[in-house]
Amino acid sequence: MLRVKQLLEERHDLPHEGPDDATAALAAAVQARHTDVADLLIRRGAVPGDIAPDRLPPLREAVDFGSPALVDALTATSILHRYPTSELRELRDLARTWHEAELRRRTGSSGDAAYTRVQDDEGYYQVGELTLDGMTVRDGHGAILTELERLLGIRTSCGDLVTRALEREEGHTAWGRAAILLSHRREPEAWAAAETLRADTDPKRRLFGAELTRLFELFADAHEEQYCVLAVAALTDWSADETDPAVLAEVLHGLSSYQGPRAEAALLAHLAHRDPRVRRAVAAGLGTSMDGRHLSDAARDGLLTLLRDPDTDVRIAACRSAGDTANGDPELRDATAALLDHPERRVRLEAVQALALHRDERCVDAAKRLGPPRPGHQEEELYCLEAAWRYERHREDA
């Protein structure tokens, strides 16, 4: 499959493939659970079609397996019209059946299923993978059900979306898709759901409410939009009262993209919080002033403190914020340069990028000492190192 992907990336279409070959390749990619290959095949012109009688059609197999990412690839806009509404309705019913514990019925087993979390796509969210008596499925059927209802034009109630999310844990695709869909409904019912969750005594329900409120702010078209104003006010007030560290961290993350003094004050109030997740959220949010090139004195001092934090991830978040400010502040630059000798490579990489954004020549030698990106970390390491390489070229041209 890796060779197939490489060949597809080198070509822009499938000029020598017949429809049967393309269909067979797509079916094989789905059967092997290679979402990236299936996606490339579809973008190169392959479409679901007739297949062998003993095989499931690709979309049905993707739903049956429980992979939201595969379902997304196979219902892309370019081929969605090829599925009759009746077929989509049948697959929605299949997703609902799986959502109601089909694995145990099919295997006839009363034993415990082995469960692991796996990355279903290239994004942030994950799904669970369950194996019972030799049969393996993923538990993304709630997310698939939500997506198929959306494609069919069925408006899922806010209550059902919240229920599907809370059946899983934070970071699960069902959780994330429910929050995203609800936050795109700029309407009183969805906002009321977020407010109700905020007041709940269960930290898990508050955590989902915090993510939902954060997304209301994140997806706003402008800071003046009604639900953005409501979300920022709610998150700011919430940050003063929340006692659960995981929920508080999510609340503060909701303030990190908002530019304003109230948000900054709410972040700085938790600068010395005992939980590193909270300090990490503070570090990520500082520097979001109305003028991104400058920091308030309080935010600058806060970043200097967090650049020396004992937690590695807090330092990385502070380093990124210091780099995003990119105002050439000598003290910020020196504090960032001190991280070039940090024992962890990922900290040194972030420091190189931040210094490059500040046009600090110390990034050049540090990038050379780091060497090329490591196998398996190509994309993220290249992103940091390229900033130093661009600065070096700019310096030589100047």
Among residues of region 163-185, those that are surrounded by 15 or more Cβ atoms within 10 Å (Cβ to Cβ) and either part of a helix (DSSP H, G or I) or out of contact with any helix residue (DSSP H, G or I) (no Cβ under 9 Å at 6 or more places or on another chain) (or both), counted: 14
Enumeration of residues in region 1-30 that are modelled with pLDDT of 80 or more and surrounded by fewer than 17 Cβ atoms within 10 Å (Cβ to Cβ): none
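Being more than 28 Å from ARG277 (Cβ to Cβ) and surrounded by 12 or more Cβ atoms within 10 Å (Cβ to Cβ) narrows it down to one residue among GLU392, GLU396; which is it? Don't jump to the end; show me each part of the working.
Working: GLU396 fails: surrounded by 12 or more Cβ atoms within 10 Å (Cβ to Cβ).
Sole residue among the options that is more than 28 Å from ARG277 (Cβ to Cβ) and surrounded by 12 or more Cβ atoms within 10 Å (Cβ to Cβ): GLU392.
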Long-range neighbours under 7 Å by Cβ, at least six apart or interchain, first residue more than 14 Å from LEU271 (Cβ to Cβ) within region 310-329, second among the hydroxyl-bearing types (Ser, Thr, Tyr): CYS319/THR336; ALA322/THR336
Given (1) under 29 Å from ARG300 (Cα atoms); (2) at pLDDT 95 or above; (3) more than 22 Å from the chain's Cα centre (by Cα), index of the condition ALA199 fails: (1)
Residue in region 303-322 that is surrounded by fewer than 18 Cβ atoms within 10 Å (Cβ to Cβ), on the phi > 0 side of the Ramachandran plot and out of contact with any Phe, Trp or Tyr (no Cβ under 9 Å at 6 or more places or on another chain) present: no
Residues being more than 18 Å from THR75 (Cα to Cα) and assigned to a loop (DSSP other than H, G, I, E, B) - total across region 130-155: 4
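With respect to ALA240, is the statement that it is assigned to a helix (DSSP H, G or I) and either modelled with pLDDT under 95 or under 20 Å from VAL162 (Cα atoms) (or both) true? It would help to see each step written out before you state the result.
On the way: assigned to a helix (DSSP H, G or I): yes; either modelled with pLDDT under 95 or under 20 Å from VAL162 (Cα atoms) (or both): no.
Taking the combined requirement at face value, the residue does not satisfy it.
Select the helices (runs of 4 or more DSSP H) contained entirely in region 264-377, then report the ones holding at least 3 residues which are more than 27 Å from the chain's Cα centre (by Cα). Before the answer, list the steps.
Working: elements: 276-285, 297-306, 312-325, 330-337, 345-357, 362-370.
Fully inside region 264-377 and qualifying: 297-306, 330-337, 362-370.
Working carefully through the options ASP160, ASP112, find the one that is farther than 30 Å from VAL47 by Cα and either in a strand (DSSP E or B) or at pLDDT below 90 (or both). Full working, then the answer.
Details: ASP160 fails: either in a strand (DSSP E or B) or at pLDDT below 90 (or both).
When all the criteria are applied, what remains is ASP112.
Criterion first (out of contact with any Phe, Trp or Tyr (no Cβ under 7 Å at 6 or more places or on another chain), surrounded by 15 or more Cβ atoms within 10 Å (Cβ to Cβ) and at pLDDT 85 or above) does THR146 satisfy it? Steps first, answer last, please.
On the way: out of contact with any Phe, Trp or Tyr (no Cβ under 7 Å at 6 or more places or on another chain): yes; surrounded by 15 or more Cβ atoms within 10 Å (Cβ to Cβ): yes; at pLDDT 85 or above: yes.
Answer is yes for this residue.
The values are calculated or read from the model by the stated rules, or taken from the named source; none is laboratory data. Note that the structure is predicted; figures quoted are calculated from it, not measured. All Cβ positions, glycine included, derive from the backbone under ideal geometry; neighbour counts span all protein chains shown.
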